[in-house]
Amino acid sequence: MKKFLALVAVVALVAFAAPAFAANPFMDVPMNSWAYDAISQLSAVGVVSGYPDGTFKGNQPMTRYEMASIVARALAVVDMNKASKQDVEMLKKLVVEFKDELDALGVQVDELDSRVAVLEENLGGWKIKGGFRFDTSMSDKEGGEAGAVYKASDVTTWNDTDMSLARARFHFYKTVNDNVSFYGRLDGEGATWARYRMDVVLPYDIDMRVGKFCWDWESDRYWVSGAGSWQTDSILSDVTLYGYHFTKDFSMGTAKVLISRTDSATSADTEYMLYGIDFELNFTEQMGVQLAYVDKNYEEGEDVGTWWIAPKFDFGNGMAVTGAFYQQDTNNDPTLWKAIFKVDQDVTGFSSFWLEYASVEAGFEYNDGAFGLITNPEDCEAADPTFTDADVDILQIMGIQQWNDKWDTWFRYANYDSDNGNSLDNITFGVDYLYADSVKFQLVYDYVDDDFGVADDSLIHFRTAVYW
């Protein structure tokens, strides 16, 4: 087969980010050749290398193995540089054409196919995804009844049963160019914009996020098999904000800066501007630490500044230890500390485990939903602050048992013990069944018991979730 220079020229001119006036290293390709620019650019990015004697030999027949080698190197370059949709289609055809030769050369065609697929997914028009959750909940107590936990005082329904749309979301994605992308999320029956943001790569490889977005600098998350049934373990973050978020990666970790305000608050004394700075340092693959400070400037009321340090250590064998110490600069400078021990199911053979102990001093301000019950409805929504009126110790034990690709079960036990004599226990069991790739059913039993009878309620919760 001839060296199909016309095809090579097209690929070179539109697919690769090579210098426009790259030097030609081949002595047998004169500057007045119609293929001079194309071959020069392909050589500059390493797609063609010529022969040891410094010639290209463009008129000599090319073997399929030589062409397959060019295809493999072309794909490696495209993996680093954006390509148009047309270029991606051309490369896919080349991979199919030279599959046998690529196999013989030891090139993993499946891996190349997946890389091309990733490129293709991020190019072109809009991508739209969605999710739907419908919940049926049966609680022991009616709204307003003594000891009711799961229903507000103004909510009463026949037979203590609620059936409602828990979530309806449409996600919109658009890659504008190499440095700009957009994400938006429509929520609820009224289709309101719950999120909208632009991600922009600035000079010096600084990533800027601007718009209405979820902010979470405390990364301890414990999700149930993709259903998102549990809250994050965040104390201050995991809230929706309007503003700017900057991220810069460096050799030992990541630096972040936040300039923002709250999404929505119930009153003027809960509205605030929020400023923050965060450093996440990785000393080794197993050991690192987070150092952060955030400052809340309230519209009304006293400002609150919080700093924290959060070390982490991953043993590398399915076990890890993390923790955090927080201090606030309010009246009595209250503190909060927590320690978490995690074990993967691969270690125990039957269940993962999350063991957490936390201690909160009176007056510490955290976000509504932190350390909350399993039935908290949403993640990254709460903005209103909550204050502890007593010292509280919290113990949580959680675990997931992944039986196969379809079934998993999970549990949670939490105990809240305050120094004013109040103690509360929360016990949860759940089972998930993946009916199809996009359909999941979930059944949950949740129980709350307060020693003083203020809260004593149980809940059976059934969820149908659809994702696409």
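The values are calculated or read from the model by the stated rules, or taken from the named source; none is laboratory data. Everything numeric in this text was worked out from a predicted model, so none of it was measured. All Cβ positions, glycine included, derive from the backbone under ideal geometry; neighbour counts span all protein chains shown. Surface accessibility is based on the protein's heavy atoms, side chains included, excluding ligands, DNA and RNA. Shrake-Rupley method; radii C 1.70, N 1.55, O 1.52, S 1.80 Å.
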Residues within segment 413-429 that are open to solvent by 10 Å² or more (accessible area, probe 1.4 Å) and within 23 Å of Gly399 (Cα to Cα), tallied: 9
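For segment 433-450, which positions are under 27 Å from the mean Cα position of the chain (by Cα) and either assigned to a strand (DSSP E or B) or surrounded by 14 or more Cβ atoms within 10 Å (Cβ to Cβ) (or both)?
Of the residues in segment 433-450, the ones under 27 Å from the mean Cα position of the chain (by Cα) are 433-444.
Those that are under 27 Å from the mean Cα position of the chain (by Cα) and either assigned to a strand (DSSP E or B) or surrounded by 14 or more Cβ atoms within 10 Å (Cβ to Cβ) (or both): Tyr433, Leu434, Tyr435, Ala436, Val439, Lys440, Phe441, Gln442, Leu443, Val444.
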Please verify whether segment 333-351 includes one or more residues that are closer than 30 Å to Gln401 by Cβ and free of Cβ contacts under 8 Å to residues at least 12 places away in the same chain. yes
Check whether at least one residue in segment 353-370 is modelled with pLDDT of 85 or more, in a loop (DSSP other than H, G, I, E, B) and open to solvent by 40 Å² or more (accessible area, probe 1.4 Å), and report yes or no. yes
All-but-one check, Asp346 against (1) more than 22 Å from Ile394 (Cα to Cα); (2) part of a strand (DSSP E or B), failing number (2)
Selected residue (criterion: farthest from Leu443 (Cα to Cα)) from residues of segment 395-412 that are free of Cβ contacts under 8 Å to residues at least 40 places away in the same chain and surrounded by 14 or more Cβ atoms within 10 Å (Cβ to Cβ): Leu395
Among the residues of segment 238-255, how many are assigned to a loop (DSSP other than H, G, I, E, B) and within 21 Å of Met273 (Cβ to Cβ)? 1
If you scan segment 252-287, which residues turn out to be closer than 14 Å to Ser237 by Cα, acidic (Asp, Glu) and at pLDDT 90 or above? Asp278
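Closer than 17 Å to Thr306 by Cβ, modelled with pLDDT of 90 or more and either open to solvent by 30 Å² or more (accessible area, probe 1.4 Å) or of a type in the set (Asp, Glu) (or both): does that describe Phe387?
Numbers: closer than 17 Å to Thr306 by Cβ: yes; modelled with pLDDT of 90 or more: no; either open to solvent by 30 Å² or more (accessible area, probe 1.4 Å) or of a type in the set (Asp, Glu) (or both): yes.
Here the answer is no, as Phe387 does not meet what is asked.
Would you please name the residue that is modelled with the highest pLDDT, looking only at residues in segment 129-154 that are open to solvent by less than 50 Å² (accessible area, probe 1.4 Å) and in a loop (DSSP other than H, G, I, E, B)? Give the derivation first.
Of segment 129-154, the ones open to solvent by less than 50 Å² (accessible area, probe 1.4 Å) are 130-131, 133, 135-137, 139, 141, 143, 147-151.
Applying the additional criterion that residues be in a loop (DSSP other than H, G, I, E, B) yields 141, 143, 148-151.
Values: Lys141: 75, Gly143: 64, Ala148: 69, Val149: 70, Tyr150: 70, Lys151: 65.
The extreme case among them is Lys141.
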Look at Glu189 and say whether it is assigned to a loop (DSSP other than H, G, I, E, B) and in contact (Cβ under 8 Å) with a residue 60 or more places away in the chain. no
